[in-house]
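Some notes on the structure that comes next.
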Amino acid sequence: MLLIFLALISSILCNMLVNHAAAHLTVAQLATLGTLTTLTSMAAGIIFLKEPYSLAFFMGAALILFGIWQVTRPGKKIEK
């Protein structure tokens with residue numbers, strides 16, 4: 001029962017935070033928040049559930065972080 005309670009609270013809280021962020025961020029910045037969910041889940045699994053990790057884990061995490069950097073780095077803006 002506690003697990004269901006925690007899952008519901010975290011889901012509701014996360015959705016409320018995403019809705020708040022949607023008013024203040026661009027679409028590209030908001031989309032990168034979704035990729036951070038994967039990194040957080042992977043890290044929590046290793047820390048709290050003692051799941052095994054390998055080189056593939058770190059390579060995947062590096063690719064996710066590289067993708068976030070590509071989207072959020074300052075550069076030329078495309079104008080219509």
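With the simple spin-label model, which puts each label point 7 Å out from Cα in the Cβ direction, the ASN19 to LEU33 separation comes to 1.2 nm. Determine, at each q value in 0.11, 0.19, 0.20, 0.25 (inverse angstroms), the log₁₀ of I(q)/I(0) that the Debye formula gives when each Cα of the chain is one equal point scatterer. Relative scattering, expressed as log10 I(q)/I(0), comes to -0.42, -1.00, -1.05, -1.20. Rounded to the nearest 10 degrees, the inclination of helix 55-72 to the longest alpha-carbon principal axis of the chain is 30 degrees.
Just the protein heavy atoms count here, and of the accessible area of the chain at 1.4 Å, carbon and sulfur take up 74 percent.
Kindly provide the helix-only [θ] at 222 nm of the chain, computed as the sum of -39,500 (n - 2.57) over DSSP H runs of four or more divided by all residues, to the nearest 500 deg cm²/dmol? Walk me through the intermediate numbers first.
On the way: 3 runs with 61 residues, N = 80.
That calculation yields -26500 deg cm²/dmol at 222 nm.
The values are calculated or read from the model by the stated rules, or taken from the named source; none is laboratory data. Nothing here was measured: the structure is a model prediction, and the numbers come from that model. Ideal geometry is used to build each Cβ from the backbone, glycine not excepted, and the neighbour counts take in all protein chains shown. Accessible surface is based on the protein model in full, side chains and every heavy atom, while ligands, DNA and RNA are left aside. Shrake-Rupley method; radii C 1.70, N 1.55, O 1.52, S 1.80 Å.
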